[in-house]
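One structure is given below, encoded as structure tokens.
The numbers here are math on the coordinates, done by the rules we state, and not lab data. Worth saying up front: this structure is predicted, and the values here are computed from it rather than measured. Using ideal geometry, Cβ is built from the backbone for each residue, glycine included, and neighbour counts are taken over all protein chains shown.
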Amino acid sequence: MKLSNLKLKSDYLSLDDIFYHEVKPAPLKNPHLISVNPDAADLINLDHQELYTDDFIHFVNGDGKVPHKPYAMCYAGHQFGFFVPRLGDGRAINLGETNGWHLQLKGAGLTRYSRDGDGRAVLRSSIREYLMSEAMHGLGIPTTRALAIIGSTHRVYRQEWESGAIVLRMSPTWIRFGSFEYFYHNKKHQELVQLADYTLKESFPHLVGDKDAYIKMFSEVVKSTAYMIAQWMGVGFNHGVMNTDNMSIAGLTIDYGPYAFLDEYDFDYICNHTDKGGRYSFGNQPQVGKWNLEMLMHTFSPLVNVDKMKKVLDDYGTIFNKIHIQILRDKIGLKVLHDKDTELPSTLFSFMQNQRIDYTYFFRTLSHYDGDRTALLAMSLMKKPLQEWLDIYDERLKLESQSTDERLKAMKKTNPKYILKNYMLQEAIDKAENGDFSGVENLMVLAKAPFEEHKKFDHYSKDTPLEHKNLKLSCSS
């Protein structure tokens, strides 16, 4: 399909005008293309050659022909545990939906909800979001997607003057927990019903017309949230800002800011230097997920019996643990069920924490383990604890019905060789700020196929260089 034939619709605009603010994008100065994602273009049936045209650059910049009324969405949210009564899309403008995907420009200028912000996004944060949304998809984790990123000569001030950029994001929905919080806390229950019914049609169409649709929708949100966070934990992902306005009603990973993948394993790792108390630390993410669901439960209380929702939410821990344990079993190559299988990863994580072992590198190396311990032992200064764990592991593997080759093949499909660590992203950002976008393209290759070997980029699969470990970033990242 040609860009000129792109048809967008916005059922969201059929809701009352309290739900949104119609606003035109404010184009950046002298826009230029940084990167495009043909895989995302396929989702909306857009011809690949269209991605490299001037018309497409103008489309992403918001100064081309916008085929529908652009708008920003209104929502509230709990930020670091404190309720903020109105937030909304402060620097994101929605263009409309096609083929089940809502297109959104992030960094396209001021909206009614910008508060003290400027409505812009800088190059470094835009590159991080563009790459990470595709990296999460490559890892098999539910996420928003990214179609393109453009840069410009437009100057944007953060701690210093930086280059402005726009990411064209895509999602099946942009409804957040905070969307429901806005209408609940403002006692606008009629609008709350409107939002719930809209959300059913958009994200849970199989429940439309069901007399128990609202409680079933809540139940599915609980399950999808538990599933998503369990997957985060499995790959060592720390979101960094799990505010309720950053939680998708569809269980998608959204709003990539000061995120990080673990370098060395640290259960208490904090990637966001704004998070002084560690509320959003790596290990606290499952508990925060439940807390956020409790906030969502309150917003559903005018629609659903609270006691019924409490029973649903009580199952969150069981759902999360079941998924998480299975992920960990897969990571260490266990197929046959055994009562003590939870002890193996628990003991391993304790050792990795004490010895500061690189999370991704260790599990990928374990995916080659055929009895030769040399590569694994080289990761630790203290050999004895790892030797003891491997002794237990070897005994446990004797209970498996699969062959060594079958086990290792399965583990390599579970344990990525590559994840986009912050130092790798910073290298790409540094190049991009000097007009060289090759780093972005190289990391996109790894993002799309993190389980493949990619011998050319083998150095990125190793332990993070000491000087680049455990970087902390700000929300503006």
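Computed quantities for the displayed model
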item	result
Long-range amide H partners of residue 111 with built H, under 5 Å	none
Where labels lie 7 Å past Cα in the beta-carbon direction, separation of residue 298 and residue 112 in nm	2.4 nm
Ranked list, fewest to most other Cβ atoms within 10 Å of each Cβ, for 247, 352, 1	1, 352, 247
Surrounding net charge for residue 443, when Lys and Arg each add one and Asp and Glu each subtract one, Cβ distance under 12 Å	+1
Charge context of residue 49, other residues only, Cβ under 12 angstrom, K/R +1, D/E -1	-2
For 132, 444, order by how many other beta-carbon atoms lie within 10 Å, fewest first	444, 132
Cross-link reach list, lysines versus residue 290, counting only Cα pairs under 22 Å and skipping chain neighbours closer than eight places	216, 223, 276, 308, 310, 311, 322
Mean Cα-pair separation over length for the chain, i.e. relative contact order, pairs under 8 Å, 6 or more apart, %	15 percent
In Hz, Karplus ³J(HN,Hα) per residue of the stretch 318-331 (6.51, -1.76, 1.60; θ = phi - 60°; x = Gly, Pro)	5, 5, 4, 4, 4, 5, 5, 5, 5, 4, 5, 4, 5, 5
Alpha-carbon centroids, the stretch 225-250 and the stretch 344-411: separation in whole Å	27 Å
Two-site FRET efficiency, residue 459 against residue 22, from Cβ-Cβ distance with R₀ of 41 Å, rounded to 0.05	0.25
Candidate lysines - alpha carbon under 27 Å from residue 456, same-chain residues fewer than 8 apart omitted	331, 409, 412, 413, 417, 421, 431, 448, 469
Under-5 Å amide H pairs with residue 34, H placed in peptide plane, nonlocal only	149, 150, 151
Net charge contributed by nearby residues that have their C-beta within less than 11 Å of residue 363 (K/R +1, D/E -1)	+2
Integer Hz, Karplus 6.51/-1.76/1.60 couplings in order for the stretch 374-391, x for Gly and Pro	4, 5, 5, 5, 5, 7, 10, 6, 9, 7, 4, x, 6, 4, 5, 5, 5, 4
Pairwise FRET efficiency - residue 337 versus residue 405, Cβ, R0 = 25 Å, nearest 0.05	0.70
Distance in nm between pseudo-label sites at residue 5 and residue 373 (7 Å out along the Cβ direction from Cα)	6.3 nm
Full-stretch length increase - residue 381, residue 157 - with 0.36 nm per residue and alpha-carbon distance subtracted	76.1 nm
Distance in nm between pseudo-label sites at residue 448 and residue 430 (7 Å out along the Cβ direction from Cα)	2.6 nm
The stretch 327-447 - percent relative contact order, Cα under 8 Å, separation 6 or more	30 percent
Gyration tensor verdict on the stretch 81-121 (Cα atoms; rounded if a/c is under 1.5, prolate if a/b is larger than b/c, oblate otherwise)	oblate
Cβ crowding within 10 Å averaged over residues, with 299-312, 357-370, 51-64 ranked highest first	357-370, 51-64, 299-312
Relative exposure of 175, 323, 18, 229, judged by other C-beta atoms within 10 Å (fewest first)	18, 323, 175, 229
Anisotropy class of the stretch 3-171 from Cα gyration tensor, a/c 1.5 cut	rounded
CD proxy at 222 nm, helix term only [per DSSP H run n ≥ 4: -39500 (n - 2.57); per residue of the chain; nearest 500]	-12000 deg cm²/dmol
In order through the stretch 4-12: 3J(HN,Hα) via Karplus (6.51 cos²θ - 1.76 cosθ + 1.60), integer Hz, x for Gly, Pro	5, 9, 5, 10, 10, 10, 9, 4, 4
